[in-house]
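A short worksheet on the structure shown next.
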Amino acid sequence: MDQGIFSVKLYEMEQQYGKLQSRIQLCQGRDHDRIREEIRQMEDEEAQTALLLRKRIKGSGFPAAARLAGALFTYEESVKEILQETENGDFSRGQRKKQDPEPAILYAEYAADFATQSMNHALLAALKAVEKQLACEEERRKEDE
């Protein structure tokens, strides 16, 4: 395993984080038409990313990667369903109007919490992978001596 792949993934994450920041700032600017366009663009990007990930997983040949991708896609479908229900006014307390933004705001907050948890999981997975690689290299050095 090449540790350089983590540098590439970190760069990709930084790029996505930059997009996240700029899009959140845009949302707070309250330009309704622009926000609608960003939503459409994000949905298109999400569909393209999912398609690319599915193709990469099919070609990987690692059963664990296929299982992880399956879990990710199951999660994404569940999240989309919950988001749609939230947009429809479900999950409100009491007799709130369908247009009430509170459920959507809470959903967004929890989504950010889950993203943070996912980043921490990615860090833990990377640390474990590097630790295994170092242990393997140490074992090889001992065998060579």
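Inspect the stretch 87-109 for any residue being open to solvent by less than 70 Å² (accessible area, probe 1.4 Å) and under 26 Å from Tyr11 (Cα atoms) and give the result as yes or no.
Within the stretch 87-109, one or more residues are open to solvent by less than 70 Å² (accessible area, probe 1.4 Å) and under 26 Å from Tyr11 (Cα atoms).
Is there any pair with a first residue in the stretch 120-132 that is within 16 Å of Gly4 (Cβ to Cβ) and a second that is open to solvent by less than 100 Å² (accessible area, probe 1.4 Å) whose Cβ atoms are under 6 Å apart and which are 6 or more apart or on different chains, and what are they?
Close Cβ pairs (under 6 Å, with a partner that is open to solvent by less than 100 Å² (accessible area, probe 1.4 Å)) amount to Ala126/Phe6.
Scan the stretch 60-85 and report the pairs whose first residue is on the phi > 0 side of the Ramachandran plot and whose second residue is surrounded by 12 or more Cβ atoms within 10 Å (Cβ to Cβ), with Cβ atoms within less than 9 Å and a gap of 6+ or a chain change.
Hits for this filter: zero, empty list.
Can you say whether Ser78 is of a type in the set (Gly, Ala, Ser) and either in contact with a Gly (Cβ under 7 Å, 6 or more places away or on another chain) or at pLDDT 85 or above (or both), as far as the supplied structure shows?
When the stated conditions are applied, Ser78 passes them.
Looking only at the stretch 1-22, which residues are under 26 Å from Glu131 (Cα atoms), of a type in the set (A, V, I, L, M) and surrounded by 11 or more Cβ atoms within 10 Å (Cβ to Cβ)?
Ile5, Leu10, Met13
Can you tell which of Ala47, Ala71 is farther than 22 Å from Ala129 by Cα, of a type in the set (Gly, Ala, Ser) and under 18 Å from the mean Cα position of the chain (by Cα)?
On inspection, the qualifying residue turns out to be Ala47.
Filter the stretch 23-55 down to the residues that are surrounded by fewer than 11 Cβ atoms within 10 Å (Cβ to Cβ) and either closer than 27 Å to Ala126 by Cα or of a type in the set (Ser, Thr, Tyr) (or both) and list them by number.
Within the stretch 23-55, Ala47, Gln48, Leu51, Leu52, Lys55 meet the criteria.
The values are calculated or read from the model by the stated rules, or taken from the named source; none is laboratory data. Given the structure is predicted, the values throughout are model-derived calculations rather than measurements. Don't worry about glycine lacking a Cβ; one is built from the backbone with ideal geometry, like all the others, and counts go over all protein chains shown. When the accessible area is computed, the model is the full protein with side chains, heavy atoms only, and any ligands, DNA or RNA have been set aside. Shrake-Rupley method; radii C 1.70, N 1.55, O 1.52, S 1.80 Å.
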